[in-house]
Amino acid sequence: MTIAAPVSGKCAAHPDVAAEWACQRCGTFVCTQCERRTRPEAPPLCPKCWDLRNKTVQDTVAKESRRLQIGGLVIGFLSFLHPLVMVGSLILNIRELRRGTGGDARWMNTAGLVLTGLAMLTWVIVIAVLASR
Ligand SMILES: [Zn+2]
Ligand SMILES: [Zn+2]
């Protein structure tokens with residue numbers, strides 16, 4: 001869905017240059033030099049909306065990361081309840097640590113892994129005790 005700018009439009013940043021497109025988001029006229037696209041076939045954005053979009057994407061990644069970190073810590077605790085949870089906890093925490101987008105809060109995933117390790121030990125002991133009866 002590309003909105004072509006009227007032929008008479010000029011680029012908002014370059015008054016001498018004819019606009020090729022209107023920004024998909026705010027409608028600002030942009031020339032080929034000013035247009036920004038995620039993919040060659042994607043509708044163009046003006047530089048301002050492009051910056052805004054990038055910031056939003058980063059925020060989303062950070063938020064998602066935080067959710068996975070808290071989730072990793074919680075699932076680390078839950079590992080004590082059922083052995084199967086440990087598998088999920090290991091996968092989630094290791095994957096999040098390897099992604100490396102966590103920043104300061106990465107300790108949550110490390111803590112989640114430590115908890116999972118403790119849970120594993122607990123389960124090994126429990127199973128050993130049960131098996132020896
Ligand atoms: Zn725009
Ligand atoms: Zn321009």
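The values are calculated or read from the model by the stated rules, or taken from the named source; none is laboratory data. The structure presented is a predicted model; accordingly, all values stated were derived computationally and were not measured. Don't worry about glycine lacking a Cβ; one is built from the backbone with ideal geometry, like all the others, and counts go over all protein chains shown. Note: accessible area is taken over every heavy atom of the protein model, side chains too, but ligands, DNA and RNA are not part of it. Shrake-Rupley method; radii C 1.70, N 1.55, O 1.52, S 1.80 Å.
State yes or no: is Thr101 in a loop (DSSP other than H, G, I, E, B) and more than 13 Å from ligand 2 (Cβ to nearest atom)?
Judged against the criteria, Thr101 is a match.
Quick one: Leu84 ticks every box in (1) open to solvent by 80 Å² or more (accessible area, probe 1.4 Å); (2) within 16 Å of ligand 2 (Cβ to nearest atom) except a single one, so which number is it?
With respect to (1) open to solvent by 80 Å² or more (accessible area, probe 1.4 Å); (2) within 16 Å of ligand 2 (Cβ to nearest atom), Leu84 is out only on (2).
Can you tell me how many residues in the range 13-23 are within 12 Å of ligand 1 (Cβ to nearest atom) and surrounded by fewer than 21 Cβ atoms within 10 Å (Cβ to Cβ)?
Matching residues across the range 13-23 total 1.
Are any of the residues in the range 42-55 in a strand (DSSP E or B) and open to solvent by less than 70 Å² (accessible area, probe 1.4 Å)?
Yes, because at least one residue in the range 42-55 is in a strand (DSSP E or B) and open to solvent by less than 70 Å² (accessible area, probe 1.4 Å).
Could you please tell me which pairs satisfy a Cβ distance under 6 Å, a separation of 6+ or placement on different chains, a first residue in the range 35-49 that is farther than 13 Å from Ala19 by Cβ, and a second residue that is at pLDDT below 90 and more than 12 Å from ligand 1 (Cβ to nearest atom)?
Correct list of pairs: Pro43/Thr2.
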